[in-house]
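The values are calculated or read from the model by the stated rules, or taken from the named source; none is laboratory data. Just so it is clear, the model here is predicted, and its values are computed rather than measured. Glycine also receives a Cβ, built like all others from the backbone with ideal geometry; neighbour counts cover every protein chain displayed.
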Amino acid sequence: MPYLVRLYIKQVAIGYAISAAFVTMLLYFNVANLWHLVTHVNVGWIAVLMLWIFNGIVFAGVQFALSLPRGHGEDAGSGGKRDALPVLLAEPVPITVRPHSRRPR
């Protein structure tokens with residue numbers, strides 16, 4: 001399996017685990033009286049499932065986006081030193097100024 005696919009699956013699993021912890025904390029701390037709403041309705045589990053899935057999509061996307069710039073993969077660490085950037089020196093440019101002529105109005 002390609003490395004990027006393995007990385008994506010791993011980051012999605014981590015994102016959904018974070019989502020599960022987040023939804024658990026929302027219910028435990030009874031944010032916006034969510035625990036009462038979920039437990040006193042016969043289909044409250046659907047609301048919890050939807051909350052977990054939709055937060056999982058967000059957290060998985062963020063987790064994957066944050067993992068990409070880290071430089072994982074087979075070629076990680078194989079980068080060399082950057083070339084020195086050229087330094088541009090400012091040089092004065094001679095400008096000839098003509099006297100301003102007045103026009104009659």
Response to the item:
All conditions in (1) closer than 26 Å to ARG6 by Cα; (2) modelled with pLDDT of 95 or more; (3) surrounded by 12 or more Cβ atoms within 10 Å (Cβ to Cβ) are true of VAL48 except (1)
Worksheet item: If we scan segment 55-62, do we find a residue that is at pLDDT 95 or above, loosely packed, with under 12 Cβ neighbours inside 10 Å and either in a helix (DSSP H, G or I) or at positive phi (or both)?
Response: no
Worksheet, complete the sentence: When segment 13-45 is checked residue by residue, the ones that are of a type in the set (Ser, Thr, Tyr), surrounded by fewer than 13 Cβ atoms within 10 Å (Cβ to Cβ) and under 27 Å from the mean Cα position of the chain (by Cα) are THR24
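What number of residues within segment 1-42 are of a type outside the set (A, V, I, L, M), touching a residue at least 24 places away in the same chain (Cβ under 8 Å) and under 20 Å from GLY56 (Cβ atoms)? Talk me through it step by step, then tell me what you get.
First, pick out the residues of segment 1-42 that are of a type outside the set (A, V, I, L, M): 2-3, 6, 8, 10-11, 15-16, 19, 22, 24, 28-30, 33, 35-36, 39-40, 42.
Those still in the list that are touching a residue at least 24 places away in the same chain (Cβ under 8 Å) too: 3, 8, 11, 15-16, 19, 22.
Now restrict to residues that are under 20 Å from GLY56 (Cβ atoms): 8, 11, 15-16, 19, 22.
The total comes to 6.
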